[in-house]
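Bear in mind that the values in this text are calculations on the coordinates, not laboratory data. Quick caveat, the model's predicted, so the values are computed rather than measured. Cβ placement follows ideal geometry from the backbone for every residue including glycine, while neighbour counts extend to all protein chains displayed.
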Amino acid sequence: MGRGHRPGDRRDRCGGPLADPSRAADHLRTESGGALIEATAKRQRLRITYRIDGPLRYISNLEQMRVWERTIRRAGLPLSYSGGFNPRPRLQIGAALPVGFAADAEWMDIWLVEPTAPEAVRDALARAAPEGLEVVRVDEVDLGEPALPRQVRAAEYEVVVETERSLEEIHRRIDGLLAAQSLPRQRRGRPYDLRPLIHRLWIQAEQPGTVVLGMVLAAREGATGRPEEVLDELGLAEGFFRVRRRRLLTGEG
């Protein structure tokens, strides 16, 4: 007869309990501040797919990363840390989520010092996650893959807009925008062309006083389309609107 698990003993399929949160950071403890710390090994890379909604949609990307750090510590995962005088946990998101946006399928890579079953990681994170953060899935990826932000090429959005404009007028504006060769704009005092950042744009649904737009926009480093700028070009940015990022894409969408 096999030995049963002790109460409270969380185990993964790789044969051991998930790490004690304090144990994962033992290498960081020094008797005096400012010591140079050696980086921990990166033995496993996992990609987390997650949803953001509720109160977490209104915090900055930096605060979201801090939420993730706390969640991972509570989950007891053996996280890898960078070296140097200010060691940081090895986490990497696919693309920053603007404040106020909800999201259905964001990506984040984490590196662990001990191989752990993805299912065990998902379950541990699900138990530790705060309101507004939902872990959808966890997959193992190759350690040698390019950095996650370099893999993301575009993002799909759903935008709910309150407007009194007719559906026919909105269709005409969309057709005109997509037919344009360029859409010169200014962002932070610098000129840029919005048109090549718009891959797809369509009306997804409509009802009196509201239209739901779908759009696929570039999300590359240094070339990111913004839903609110597309709305501005369509003359729809003055009313109330809500944005949900449906998914990140490794192709052009």
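Give the separation of the Cα centroids, region 70-126 to region 147-172, in Å.
Going from one Cα centre to the other spans 28 Å.
Over all directions, the average projected area of the alpha-carbon convex hull for region 152-249 comes to how many nm²?
One quarter of the hull surface, i.e. the mean projection, equals 6.1 nm².
Arg73 to Val212: extension gain in nm, 0.36 nm per residue of separation minus the Cα-Cα distance?
46.2 nm
Please work out the FRET efficiency for the pair Ser60 and Ala117, using the Cβ-Cβ distance as r and a Förster radius of 30 Å; give the result to the nearest 0.05.
It comes out at approximately 0.40.
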